[in-house]
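Comments concern the structure below.
Read-outs: derived from the displayed coordinates by stated rules, not from any lab. Please read these numbers as outputs of a predicted model, since none were measured by experiment. All Cβ positions, even for glycine, are placed from backbone atoms using ideal geometry, and neighbour counts span all protein chains on display.
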Number of protein chains: 2
Amino acid sequence: MTLETVSENKAHGGTQGVFRHTSTTTGTDMTFSVFVPEHEEGAKLPVLWYLSGLTCTHANVTEKGEYRAACAEAGIVFVAPDTSPRGDAVADDDAYDMGQGAGFYVDATQDPWVPQFMMRSYIEEELPALVAEQFPVDMALQGITGHSMGGHGALTIGLRNPDRFASISAFSPIVSPLNCPWGEKALSGYLGDDRAAWREYDACALIADGARVDALLVDQGTADQFLDEQLKPELLREACDKAGIPLTLDMRAGYDHSYYFISSFMADHVRWHAQRLRK
Amino acid sequence: MTLETVSENKAHGGTQGVFRHTSTTTGTDMTFSVFVPEHEEGAKLPVLWYLSGLTCTHANVTEKGEYRAACAEAGIVFVAPDTSPRGDAVADDDAYDMGQGAGFYVDATQDPWVPQFMMRSYIEEELPALVAEQFPVDMALQGITGHSMGGHGALTIGLRNPDRFASISAFSPIVSPLNCPWGEKALSGYLGDDRAAWREYDACALIADGARVDALLVDQGTADQFLDEQLKPELLREACDKAGIPLTLDMRAGYDHSYYFISSFMADHVRWHAQRLRK
């Protein structure tokens, strides 16, 4: 697989890279970032995936996420993919919450989103294979996190692949697309009207349908403008309680939905993952 | 003085704000950011000024500087001004290194830059008065730092005001505008051809002319593309050695001129200032 280096900058003792490749899954060029901490020659490091929210590319968390110091200290590789295929030849929607920048980590089944909007397969299959081939990572030690739409991505991908991810966390995630306007719009658009087909893309439904993991960590700001209508962490609380999944849900007083919130608790999340990503 | 709040976000336990005011010094609206850590009611905190480099506004360091965690821990207010007056009615130059975004922290004496390009007076007089009035700061405990052109600003403003600043540091500063293309262009444009008038805007010349401070801290990346032609830290080394000023000049192997470099050592600088900003 061919990987183009867009940029590499030394940071916190390691290397922050941005890379581009032609994805066979989406049929487009895809860009992502990888931070590799300083490490011994030949070492393979645990990897933490970070899935971004609506409107974001890899760049938002790469610039504003404040993860590098903690990843350098813990010896963890941090991978930040894009949130959708992009380009003039790619389907889009005028709204910020559908189409480019809003892939919702699903494999679309509906026009005009097929065949390019295949972000589930891209994140679950193609990109991990590429990362495993090109970077010093131990694919037996993976964690996943994300923000908002990307928190939804992290929870659903983690819950569907509990043997792959030793640790799953999220910042202000959309916990139930079945039960919020963002989710109803996106999943009906990408997957059609049969709501049964949506359940594998809904963290609460996955848990209700039997998915089990050892632990979940969620941070949520109480001043988040999307809290009541879109995010609804109480639904995840109920689902986890019913299923006996230990959920640490930290409601952070006064914090909003921005990277000022994410960056405030990023180091805590990295350390939480690091504890669970030891050999 | 009237201050407009552009945005406020809770971050790292404190508040990251962005503010706008109408400057009597530049005759324009000016925007700046202030991070105020969590603190006891009525407390006055030390303040660290951060002056930005060419092309930057307050936003670059605010988003990418990774200073909030360290400032929160040390209880230090962090102020990031803009680098020039801006607007359609403000003089400018097509080049990135002159005019808007490139004020060089001087009080201009030449057309078309007078009367608006008064960044020395803005940073030394008007903005401190505003900050002292509007924020919980102890103006007896001030430090100053900055990057590149802003490193030049921090060094020269600090050297001219040793009684005001208990601590002075810089990231990849322009140490001698008299001796580099950026400086020669900017100072001849803003100040005219009499190089004697430039000396108060040149850290090395200020030291040669008698300015004295207790200590200086400078971090410089060895892979910085501007190192040899523009930055020349060896000139500061020579000037400090000759004057007996203790300079800690940390040459950082492999680091470039970007915020990936700055953010890697920002916490170290904040802690260095914090040690010197205790009552």
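From least to most packed, judged by other beta carbons within 10 angstrom and beginning with the fewest, B:ILE123, B:ILE157, A:ILE245 follow the order A:ILE245, B:ILE157, B:ILE123. Rg over Rh for region A:158-198 works out to 1.06, using Cα positions for both radii and the Kirkwood form for Rh. Taking every Cα-Cα distance in the protein assembly as shown and sorting them into 10 Å bins from zero, the calculated P(r) comes out as 4, 17, 25, 23, 17, 10, 3, 0 percent.
Remark: region A:130-189 is approximated by an ellipsoid whose semi-axes, taken from the C-alpha gyration tensor as √(5λ), come to 26, 12, 10 Å, largest first.
Assign one of three labels to region A:141-279, namely rounded, prolate or oblate, based on the Cα gyration tensor with a ≥ b ≥ c the square roots of its eigenvalues; rounded applies when a/c is under 1.5, prolate when it is not and a/b is larger than b/c, and oblate otherwise. Note, shape of region A:141-279 comes out oblate. Could you state the number of Å between the C-alpha centres of region A:89-168 and region B:183-260? Here the two parts' Cα centres lie 47 Å apart.
In loop segments of region A:1-60 as defined by DSSP, the GluC sites (Glu not before Pro) with at most 14 further C-beta atoms inside 10 Å of their C-beta are A:GLU38, A:GLU40, A:GLU41. Rounded, prolate or oblate: which fits region A:2-43, taking a ≥ b ≥ c as square roots of the Cα gyration tensor eigenvalues, rounded meaning a/c under 1.5, else prolate when a/b beats b/c? The shape class here is prolate. Per the helix-only calculation at 222 nm, which mean residue ellipticity applies to chain A, given -39500 (n - 2.57) for every DSSP H run of n ≥ 4 and division by its residues, nearest 500 deg cm²/dmol? Calculated at 222 nm, the ellipticity per residue is -8500 deg cm²/dmol. Residue by residue along B:192-205, Cβ atoms of other protein chains within 10 Å of the local Cβ number 0 on average.
Summarising the strand pairing of chain A, around 50 percent of its internal DSSP beta bridges are antiparallel. Counts of other chain beta carbons within 10 angstrom of each beta carbon in peptide B:264-274 average 1.
Relative to the 2.2 N^0.38 Å rule of thumb, chain A has a C-alpha radius of gyration ratio of 0.93. With the convex hull constructed from alpha-carbon coordinates only, region A:42-123 shows a mean projected area of 6.6 nm² over all directions. Compactness of region A:1-97 was expressed as the Cα radius of gyration divided by 2.2 N^0.38 Å, which yields 1.16.
Classify region A:102-155 as rounded, prolate or oblate, taking a ≥ b ≥ c as the square roots of the eigenvalues of its Cα gyration tensor: rounded when a/c is under 1.5, otherwise prolate if a/b is larger than b/c and oblate if not. Oblate shape, in that a/c is at least 1.5 and b/c is the bigger or equal ratio.
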